[in-house]
1. For the chain, what does the relative contact order come out to in percent, with C-alpha contacts under 8 Å and a separation of six or more?
2. Report the relative contact order of the range 114-153, percent, no decimals, based on alpha-carbon pairs under 8 angstrom and at least 6 residues apart.
3. Sort the following peptides by mean Cβ neighbour count (other Cβ atoms within 10 Å, averaged over residues), highest first: 357-365, 163-171, 251-259.
4. For a Förster distance of 25 Å, can you work out the FRET efficiency between the beta-carbons of Asn189 and Ala71, rounded to the nearest 0.05?
5. Please work out the average accessible area per residue across the range 61-184, using the 1.4 Å probe convention, and give it in Å².
6. For Leu196 and Arg283 in one chain, what is 0.36 nm times their gap in residues minus the Cα-Cα distance, to one decimal in nm?
7. Got a number for the accessible area of Arg139? Probe 1.4 Å, square angstrom, nearest 10.
8. Angle between the Cα long axis of helix 175-184 and the longest principal axis of the chain, 0 to 90 degrees, nearest 10?
Amino acid sequence: MNVVMIGAGYVGLVSGACFAEFGAHVTCVDVDEGKIRALEAGRIPIYEPGLDDLVRRNTGAGRLRFSTSFADTIGAADLVFIAVGTPSRRGDGHADLKYVYAAATTIAAHLEGYTVVVDKSTVPVGTAREVRRIIREARPEADFDVASNPEFLREGSAIGDFMRPDRVVLGVDSPRAEALLRELYRPLNLIETPVLVTDLESAEITKYAANAFLATKISFINEIADLCERTGADVHAVARGIGLDGRIGRKFLHPGPGFGGSCFPKDTRALIRMAEEAGATCRIVSSVVAVNEEQKARMVTKIESALGGSLTGRRIAVLGLTFKPETDDMRDAPALTILPALLERGASIRAHDPQGMEEASRELPAAVSFCDDIYSAATDADAVVLLTEWNQYRGIDLARLKAQMRGAVFVDLRNVYERDAMEARGFSYHCVGR
Ligand SMILES: NC(=O)c1ccc[n+]([C@@H]2O[C@H](COP(=O)([O-])OP(=O)(O)OC[C@H]3O[C@@H](n4cnc5c(N)ncnc54)[C@H](O)[C@@H]3O)[C@@H](O)[C@H]2O)c1
C-alpha cells in the first residue's frame with residue numbers, strides 16, 4: 001500500500017514512520033525544504049523519544065522516504081494524509097485552515113487513479129466536505145473519496161500512542177475508503193484496538209471533544225487545587241479520592257501551571273468558535289479556557305508571594321520551559337506567559353530546559369538567559385521555580401542546588417517534591433494545592 005503524508009511535522013512524521021513500520025510504503029512530503037533535507041540526511045528535526053531509531057529502521061528498509069515533490073509522489077498513492085498545521089487564526093481563535101486547503105489544492109493537481117484523501121490534521125467540523133469540494137472543483141473527473149482520521153498521539157510518547165492507541169477513529173462516507181483505511185491499520189487488529197467507524201462530521205468533532213474534555217479535567221483540578229490551598233486540604237489526596245472512582249479516572253488530575261502545547265489551547269478555542277458558528281453554546285469549554293489563563297496568572301502571584309510580595313531585583317532560576325517533559329515543543333507553553341510576567345514585575349531569570357532552550361530562546365524576551373545545567377541556572381538565585389517535570393529535575397542534588405543559591409525559595413509548580421523533605425533541607429517550599 002502506498003501512503004503519502006502531506007506535512008512532516010510531529011504528526012506527519014510520526015504517523016508516516018509508524019505506517020511504514022506497519023508495512024506500508026510511505027513518503028512524507030513537506031514544503032519545508034530544510035526539514036526534508038535534514039530528514040534525508042538522517043537528522044530528525046524534532047525531539048521525540050524513539051523516533052530516530054524508527055525512522056532509521058524504515059528508511060533503511062526502503063519503506064519510508066522524504067520528498068518536497070508532490071508531482072512525484074501523489075499519483076502513486078492509495079491514501080494521501082493531510083497532516084499540516086491548523087494553528088489558531090490570529091484574532092478570532094478559529095482554526096486556520098489555509099495550510100489544509102493549500103494541501104487539498106496541491107493534491108487535486110496530482111491525483112491519479114482511485115485515492116483516499118484523509119484529514120489527519122485536527123480540523124473543524126465540515127472541513128472534509130470542503131476538502132472534497134476543493135478537489136472536485138479542480139478535478140471534476142478525479143476518482144477519490146475523503147475521510148477523517150483524527151490523531152490522538154501525545155508528544156513525548158507519540159510512537160507508543162500510535163502503535164498502541166486506545167482507539168482508531170475513521171470518519172468515512174464510502175465503503176471503499178473504509179476498506180483501505182482498515183487495511184492500513186490492520187496490524188492493530190492483533191492487539192484488538194477498537195476501530196470506530198463514523199460519519200465525517202462525528203470523527204471531526206470527536207477529536208475536539210476529546211481534547212476539550214481532557215483540558216476540562218486539568219482546569220477542574222487546578223480550581224480544586226486552589227480551594228485546597230485556601231482550606232488546608234491536600235489536592236493529591238483529593239485527586240486520588242475522586243480518581244479511584246472508575247467513572248472519573250485518575251489521569252489528567254495533576255494540578256500545575258495550566259495546560260499548554262500545540263493542541264489543547266488552540267483546540268479549545270477552535271471548539272468555542274465552531275460552536276458559535278453553529279449556534280450552539282460551549283459554556284463549559286469557555287470556562288476551561290478562562291480558568292487556564294487565570295491559573296498562569298495565579299502562578300505568577302504564587303512566585304511573587306513566595307518571594308515576600310515583590311519581584312523587584314529578585315533572581316529566579318526557572319527549571320523547565322516546554323509545556324511538558326519529553327518534547328522540545330514550546331507552542332503555547334505556560335512558560336511563554338509566566339516568564340514575561342515575572343520579568344515585567346522586576347525579576348531577572350536564568351532558565352534551563354533539557355530540550356526546549358533553542359526554541360524558547362526564539363520565543364521568550366531577550367532578557368531571559370539560558371544555562372546549560374541546572375546548577376548554573378541556580379547560581380545566586382533567590383528562588384528556583386520548577387515549571388516542567390522533566391525526569392532529571394526529580395533527581396536534583398538539592399544540597400548542591402541550595403549551596404548555589406543566595407536565597408532558599410523553591411516553588412514547585414508540578415508538585416514533584418515533598419514539603420517535609422524540602423523544609424528539612426532548609427528550603428522555603430511552595431507547591432500547588434497542598
Ligand atoms: N503535535 C501533536 O501532538 C498533535 C497531536 C494530534 C493532532 N495534532 C494535529 O495534527 C496537525 C499537525 O500538527 P503538528 O504538530 O504535526 O504540526 P507541525 O507544525 O509540527 O507540522 C506541520 C508540517 O506541515 C508542513 N506543511 C504546511 N503546509 C504544507 C503543505 N501545503 N504541504 C506540505 N507540507 C506542509 C509544515 O512545513 C510542517 O512541517 C494539527 O492539526 C494538529 O492539531 C497534533
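The values are calculated or read from the model by the stated rules, or taken from the named source; none is laboratory data. Just so you know, these numbers come straight off a predicted model, no measurement behind them. When we count neighbours, we look across all protein chains shown, and the Cβ atoms used for this are built from the backbone with ideal geometry, even at glycine. Ligands, DNA and RNA are stripped out before the accessible areas are found, and what is left, the full protein with its side chains, is counted by its heavy atoms. Shrake-Rupley method; radii C 1.70, N 1.55, O 1.52, S 1.80 Å.
1. On the way: 845 pairs, mean separation 51.2, N = 434.
Normalised by residue count, the contact order of the chain is 12 percent.
2. Details: 40 pairs, mean separation 25.9, N = 40.
Averaging sequence separation for qualifying contacts and normalising by length gives 65 percent for the range 114-153.
3. Result, highest mean first: 251-259, 163-171, 357-365.
4. Numbers: r = 35 Å, r/R0 = 1.39.
Efficiency, rounded to the nearest 0.05: 0.10.
5. Working: 5030 Å² over 124 residues.
About 41 Å² of surface per residue is accessible.
6. 28.5 nm
7. About 50 Å², rounded to the nearest 10.
8. For helix 175-184, the angle is close to 50 degrees.
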